[in-house]
Each structure stands twice: as C-alpha cells, then as structure tokens.
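Chemist: To start, I am sharing the structure in question, which I have written as structure tokens.
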Amino acid sequence: MKKLYYEDPYINTFETELVYQAADDKERVYAVLKETAFYPTGGGQPHDEGTLNGIKVVDVEEEEGEIRHYLERELDPSSLVSGEIDWNRRFDHMQQHAGQHILSAAFEELYGYKTVSFHLGKETLTIDLEISELPVVHAEEAERLANAIILENRPIESKWVSAEEASQFPLRKQLSVSEDIRLVIIPEFDYNGCGGTHPTSTGQVAGVKILDWERQKKKIRVQFICGSRILTQLQTKHEITGNLSQLLNAPEQDLPAAASRLIENGKDLEKQLEAAKEALLAYEAKEMYTAGKGNCISKVFEGRSIQELQKLARLIASQSEKADVILINETADKLQFVCARGADSESDMKSLSAELLQKINGKGGGNPQFAQGGGDKLMSGEDLLEYAMRIAGQK
C-alpha cells in the first residue's frame with residue numbers, strides 16, 4: 001500500500017482503488033485501499049479523519065501490514081474511491097507533533113532532559129521528561145529556545161535511511177526499528193526517528209506554550225500546546241476573564257484581589273450563617289422542651305439533616321437532667337432517629353436504639369446516653385415514634 005502522507009503530508013484529497021472490505025471481530029466495517037493519505041494512529045499521534053466517497057472515516061489503524069479505514073457503512077465495491085482528509089485536524093496534528101520535537105530537543109540541548117513518552121490529545125499534548133523535578137526557569141528557557149527555533153523558520157526534512165546511514169546522525173533517542181527507518185530532521189538542532197506527519201518548516205508550527213507540569217511517578221509530565229491551539233486557548237481564557245471582570249466588577253489585572261475578597265466575604269457569611277443556625281436550634285430546643293409533656297420530648301421531622309437532629313437532641317437533653325429525647329426524621333425512602341437523655345435519666349438509649357433498628361432493618365450505634373441510627377422506611381415516622389414511646393414507657 002502506498003502511503004501518500006509520507007510522499008506529501010499536504011495531500012488532502014486523492015483517488016484510488018478499493019482492494020477489499022471486511023469487518024473486524026467487533027463487527028466494525030473497514031476498507032483497505034491501494035493507496036491512502038489517511039494517517040493511522042501511531043507514535044503518539046492520533047489518526048486522521050475525513051471521508052471515502054462521502055462516507056465518514058471514524059478510525060484508521062495499521063494492522064498486519066495494511067491500513068484499515070473504519071467506516072460508518074460499507075463502500076460501493078464497484079466504484080473508484082475518492083478520499084478527503086479533514087485538513088484542519090491533520091494540520092493541527094502536524095503543528096503539535098513538530099512542536100513536540102522542537103520542545104523536547106530544547107529541553108535536551110539546554111539541560112540534558114530526555115523525553116521518554118509523548119501523547120497528543122484533543123486539546124493539549126504532553127511529554128514525560130526523565131527527571132524528578134523541573135525548575136521554573138528551566139521550563140521558561142526551554143520554551144524560549146523552542147520559540148526561537150520556530151521563528152527562524154528552519155526546514156523540517158524527512159528521509160528514509162538504513163540503520164547504517166542512521167548511525168551517522170546525532171539522533172536524540174534510540175531507534176525503535178532496524179529497517180524502514182524514517183528520520184525527521186531540523187538541521188543543526190534535532191535528529192529523530194519518527195513516523196508522524198510534520199510541516200515542512202518550523203515557522204508553520206507558529207509557537208509553543210507550556211501550560212503546566214506535574215510529577216508522574218519518577219518523571220515530570222509537561223503539558224503544552226502549539227500553533228492554532230494557542231490562539232484557541234487564548235480566546236477561551238479571554239472570554240472567561242471578560243465574564244469574571246463583569247461578575248466581579250473589576251478590571252482583569254485586579255481579578256485575583258477581587259476573588260480573594262469574595263472568598264473572604266463568603267467565609268464570613270458562612271460563619272454568620274452557622275451562628276444563626278446554632279441560635280435557631282437553641283431556640284427550637286427551648287421551645288420543644290417548654291411545650292413538652294413530662295420528661296420525654298419527642299417529634300417527627302421531614303427532611304432534616306441528621307447533624308441538626310444530633311445538635312437538637314443534645315440541646316434539649318441539656319435543658320433538664322431527667323429529660324429523654326426521641327427525634328425521628330423521615331425522607332422519601334429512609335427513616336432516621338436520634339435518642340438522648342439527661343444526666344439523671346435512667347433510660348438506656350443504646351438499648352432503645354437497638355430495638356428501633358430491628359424495626360427498620362437499620363444500622364446505627366451509640367451508648368446509653370446518646371444513640372442514633374437509620375434504615376428503610378418500613379413504616380411511617382409517626383408509627384416508629386409511637387413504637388419508641390411504648391418501649392421507653394416500659395423501661
């Protein structure tokens with residue numbers, strides 16, 4: 001099969017013959033052609049997309065020495081095949097892959113940092129450097145050198161060589177193959193074995209921008225973008241900062257300070273709200289104790305948090321040393337309860353809790369002074385409270 005993308009990576013339309021069609025073990029339909037401009041996934045670079053006779057190509061893989069074009073449906077086997085590459089996707093991959101070569105070479109030339117893996121993603125790309133720490137100044141200098149090489153608009157050459165011929169070049173990394181060797185060369189800067197697609201000059205990469213880096217096991221993973229992706233990300237960030245400027249009523253340069261003030265104000269409001277909730281719970285506890293009959297205070301709630309019931313039960317129990325408190329919470333499919341007693345009450349809340357849990361197939365825990373639990377809504381909250389009151393009255 002003739003690989004047109006190696007003869008000219010700028011070919012985006014072509015005509016050829018269908019060799020055969022078949023389906024793989026996942027029943028995906030694919031076509032094998034006499035020649036193709038579609039690049040298959042490999043070497044860290046994703047596959048091309050496009051159409052064959054107007055039918056969408058959803059994947060391209062090289063298997064068993066042939067390139068398989070996976071299609072949404074079968075081709076008409078009697079017709080010639082017209083292929084069209086999604087050029088925006090292809091040229092983006094060319095920019096990113098060449099930019100990766102340049103940045104990796106910059107790290108190695110300046111500091112001896114070797115690139116051990118590469119991944120080209122939909123929005124960003126990464127390289128893994130064989131180091132454990134990356135100083136900020138080293139990242140800045142490598143980015144500066146990479147962009148200087150791009151601005152010089154050096155040629156990017158590719159050539160097929162033998163292993164003996166390849167040994168004459170100062171290769172950046174050891175070759176993974178011993179025959180059909182393809183070198184991608186930026187003269188006097190980078191010599192690298194590579195099967196990907198690249199533009200013909202560094203100037204077409206347009207630029208390299210490092211976004212971030214992090215430690216991955218014993219290596220440093222550098223995230224960056226090249227070419228048109230820089231403008232895309234700049235536009236996105238410009239829109240975000242514009243929206244934030246309006247929301248925070250502050251110019252772009254003052255956004256960090258405005259955000260800090262907003263966060264601090266939010267923390268103050270949270271403290272005030274928490275204090276208000278505590279005051280309301282204290283008032284609610286006092287009202288419930290005052291309205292209660294005898295030493296047993298009980299109530300069924302709907303949709304209250306278990307944390308609120310815990311605080312409420314403790315507050316009520318603190319109102320009287322002889323008080324017993326039983327609070328039930330009812331949700332759409334669960335029942336929860338909290339039981340508490342005053343310091344002089346002889347009730348065993350752990351024992352009461354155990355009997356309530358059996359009724360609702362629940363789980364819980366506690367001690368004789370305070371217990372809680374929850375389970376399935378096998379009865380109403382009122383029925384569970386009535387059962388609890390009967391038990392409490394028996395003890």
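The values are calculated or read from the model by the stated rules, or taken from the named source; none is laboratory data. Just so it is clear, the model here is predicted, and its values are computed rather than measured. Here Cβ is always computed from backbone atoms with ideal geometry, including for glycine, and neighbour counts include all displayed protein chains.
Chemist: Pick from the range 25-34 the residues that are touching a residue at least 40 places away in the same chain (Cβ under 8 Å) and within 36 Å of the chain's Cα centre (by Cα): which of them is farthest from THR51 (Cα to Cα)?
Modeler: Of the range 25-34, the ones touching a residue at least 40 places away in the same chain (Cβ under 8 Å) are 28-31, 33.
So of that shortlist, the ones also within 36 Å of the chain's Cα centre (by Cα) come out as 28-31.
Working: ARG28: 16, VAL29: 14, TYR30: 12, ALA31: 12 Å.
Here the answer is ARG28.
Chemist: With the requirement that a residue be among the hydrophobic types (A, V, I, L, M, F, W, C), in contact with a helix residue (DSSP H, G or I) (Cβ under 8 Å, 6 or more places away or on another chain) and in contact (Cβ under 8 Å) with a residue 40 or more places away in the chain, what does the range 303-347 give you?
Modeler: Correct list: ILE326, ILE328, LEU335, PHE337, CYS339.
Chemist: Let me ask something else. Evaluate the following for GLU17: is it under 35 Å from the mean Cα position of the chain (by Cα), loosely packed, with under 13 Cβ neighbours inside 10 Å, among the charged types (D, E, K, R) and modelled with pLDDT of 95 or more? Before you say what the answer is, go through the steps one by one.
Modeler: Working: under 35 Å from the mean Cα position of the chain (by Cα): no; loosely packed, with under 13 Cβ neighbours inside 10 Å: yes; among the charged types (D, E, K, R): yes; modelled with pLDDT of 95 or more: yes.
Judged against the criteria, GLU17 is not a match.
Chemist: Let me ask something else about it. Search the range 348-373 for residues that are assigned to a loop (DSSP other than H, G, I, E, B) and pair each with any residue that is surrounded by fewer than 17 Cβ atoms within 10 Å (Cβ to Cβ) when their beta-carbon atoms are under 6 Å apart and the residues are at least 6 apart or on different chains.
Modeler: Correct list of pairs: ASP348/PRO368; ILE360/ASP376; ILE360/LEU378; ASN361/ASP376; ASN367/LYS350; PRO368/LYS350.
Chemist: Restricting attention to the range 145-164, report how many residues are part of a helix (DSSP H, G or I) and either touching a residue at least 12 places away in the same chain (Cβ under 8 Å) or aromatic (Phe, Trp, Tyr) (or both). Give the steps one after another, and end with the answer.
Modeler: First pass over the range 145-164, keeping only residues part of a helix (DSSP H, G or I): 145-151, 163-164.
Checking which are either touching a residue at least 12 places away in the same chain (Cβ under 8 Å) or aromatic (Phe, Trp, Tyr) (or both) leaves us with 145-147, 149-151, 163.
Number of matching residues: 7.
Chemist: How many residues are assigned to a helix (DSSP H, G or I), hydroxyl-bearing (Ser, Thr, Tyr) and within 46 Å of the chain's Cα centre (by Cα) if we restrict to the range 271-316?
Modeler: Of the residues in the range 271-316, 1 are assigned to a helix (DSSP H, G or I), hydroxyl-bearing (Ser, Thr, Tyr) and within 46 Å of the chain's Cα centre (by Cα).
Chemist: May I ask you to list the residues in the range 218-258 that are exposed (fewer than 14 other Cβ atoms within 10 Å of the Cβ) and over 28 Å from ASP92 (Cβ atoms)?
Modeler: Selection gives LYS218, GLN246, LEU247, ASN249, PRO251, GLU252, GLN253, ASP254, PRO256, ALA257.
Chemist: Same structure, new question: Residues being assigned to a strand (DSSP E or B), in contact with a helix residue (DSSP H, G or I) (Cβ under 8 Å, 6 or more places away or on another chain) and either farther than 14 Å from ASP59 by Cα or of a type in the set (Lys, Arg) (or both): count how many of those fall in the range 1-46. Give the steps one after another, and end with the answer.
Modeler: As a first pass, look at the range 1-46 and keep what is assigned to a strand (DSSP E or B): 2-3, 13-16, 18-23, 29-33, 35-36, 42, 45.
Now restrict to residues that are in contact with a helix residue (DSSP H, G or I) (Cβ under 8 Å, 6 or more places away or on another chain): 14, 35-36, 45.
Applying the additional criterion that residues be either farther than 14 Å from ASP59 by Cα or of a type in the set (Lys, Arg) (or both) yields 14, 35.
Of the residues in the range 1-46, 2 are assigned to a strand (DSSP E or B), in contact with a helix residue (DSSP H, G or I) (Cβ under 8 Å, 6 or more places away or on another chain) and either farther than 14 Å from ASP59 by Cα or of a type in the set (Lys, Arg) (or both).
Chemist: Go through the residues of the range 58-80 one by one and say whether even a single one is among the β-branched types (Val, Ile, Thr) and in contact with a His (Cβ under 7 Å, 6 or more places away or on another chain). Can you show your working first?
Modeler: First pass over the range 58-80, keeping only residues among the β-branched types (Val, Ile, Thr): 58, 60, 67.
Subsequent filtering for residues that are in contact with a His (Cβ under 7 Å, 6 or more places away or on another chain) retains 60.
Within the range 58-80, one or more residues are among the β-branched types (Val, Ile, Thr) and in contact with a His (Cβ under 7 Å, 6 or more places away or on another chain).
Chemist: Among the numbered criteria (1) more than 16 Å from LEU385 (Cα to Cα); (2) touching a Cys at 6+ places or on another chain (Cβ under 8 Å); (3) not polar (S, T, N, Q), which single criterion is violated by ASP333?
Modeler: (2)
Chemist: If you go through the range 68-92, how many residues are under 28 Å from the mean Cα position of the chain (by Cα) and free of Cβ contacts under 8 Å to residues at least 12 places away in the same chain?
Modeler: Adding up the residues that qualify gives 1.
Chemist: Which of the residues spanning the range 176-187 are free of Cβ contacts under 8 Å to residues at least 60 places away in the same chain and more than 17 Å from LEU103 (Cβ to Cβ)? Walk me through how you get there before you give the answer.
Modeler: Taking the range 176-187 and keeping what is free of Cβ contacts under 8 Å to residues at least 60 places away in the same chain, we get 176-181, 183, 185, 187.
Hits for the range 176-187 are SER176, VAL177, SER178, GLU179, ASP180, ILE181, LEU183, PRO187.
Chemist: Could you list, in sequence order, the residues of the range 212-239 that are part of a strand (DSSP E or B) and closer than 15 Å to THR115 by Cα?
Modeler: Our first condition is that a residue be part of a strand (DSSP E or B); within the range 212-239, this holds for 212-216, 219-226.
Of everything in the range 212-239, those that are part of a strand (DSSP E or B) and closer than 15 Å to THR115 by Cα turn out to be TRP213, GLU214, ARG215, GLN216, LYS219, ILE220, ARG221, VAL222, GLN223, PHE224.
Chemist: Which of the numbered conditions does GLY294 fail, given that it passes all the others? Conditions: (1) in contact (Cβ under 8 Å) with a residue 60 or more places away in the chain; (2) out of contact with any Phe, Trp or Tyr (no Cβ under 8 Å at 6 or more places or on another chain).
Modeler: Of (1) in contact (Cβ under 8 Å) with a residue 60 or more places away in the chain; (2) out of contact with any Phe, Trp or Tyr (no Cβ under 8 Å at 6 or more places or on another chain), only one is false for GLY294: (1).
Chemist: A follow-up question, please. Determine, yes or no, whether SER117 is within 28 Å of the chain's Cα centre (by Cα), of a type in the set (Ser, Thr, Tyr) and surrounded by fewer than 16 Cβ atoms within 10 Å (Cβ to Cβ). Can you show your working first?
Modeler: Details: within 28 Å of the chain's Cα centre (by Cα): yes; of a type in the set (Ser, Thr, Tyr): yes; surrounded by fewer than 16 Cβ atoms within 10 Å (Cβ to Cβ): yes.
Criteria met by SER117.
Chemist: Within the range 174-211, restricting attention to residues that are part of a strand (DSSP E or B) and of a type in the set (Ser, Thr, Tyr), which residue is surrounded by the most Cβ atoms within 10 Å (Cβ to Cβ)? Quick ask: steps written out before the conclusion?
Modeler: Step one: of the range 174-211, the residues part of a strand (DSSP E or B) are 181-186, 190-193, 201, 208-211.
Now narrow it down to the ones that are of a type in the set (Ser, Thr, Tyr): 191, 201.
Working: TYR191: 20, SER201: 16.
The qualifying residue surrounded by the most Cβ atoms within 10 Å (Cβ to Cβ) is TYR191.
Chemist: Within the range 120-144, work out how many residues are surrounded by 12 or more Cβ atoms within 10 Å (Cβ to Cβ) and outside any loop (DSSP other than H, G, I, E, B).
Modeler: 12
Chemist: Condition first: closer than 20 Å to GLY193 by Cβ, assigned to a helix (DSSP H, G or I), among the aromatic types (Phe, Trp, Tyr) and at pLDDT 95 or above. Can you find one or more residues in the range 96-111 that meet it? Steps first, please.
Modeler: Of the residues in the range 96-111, the ones closer than 20 Å to GLY193 by Cβ are 96-109.
Those still in the list that are assigned to a helix (DSSP H, G or I) too: 96-109.
Keeping just the survivors that are among the aromatic types (Phe, Trp, Tyr) gives 107.
Still in the running and at pLDDT 95 or above: 107.
So far as the range 96-111 goes, yes, one or more of its residues are closer than 20 Å to GLY193 by Cβ, assigned to a helix (DSSP H, G or I), among the aromatic types (Phe, Trp, Tyr) and at pLDDT 95 or above.
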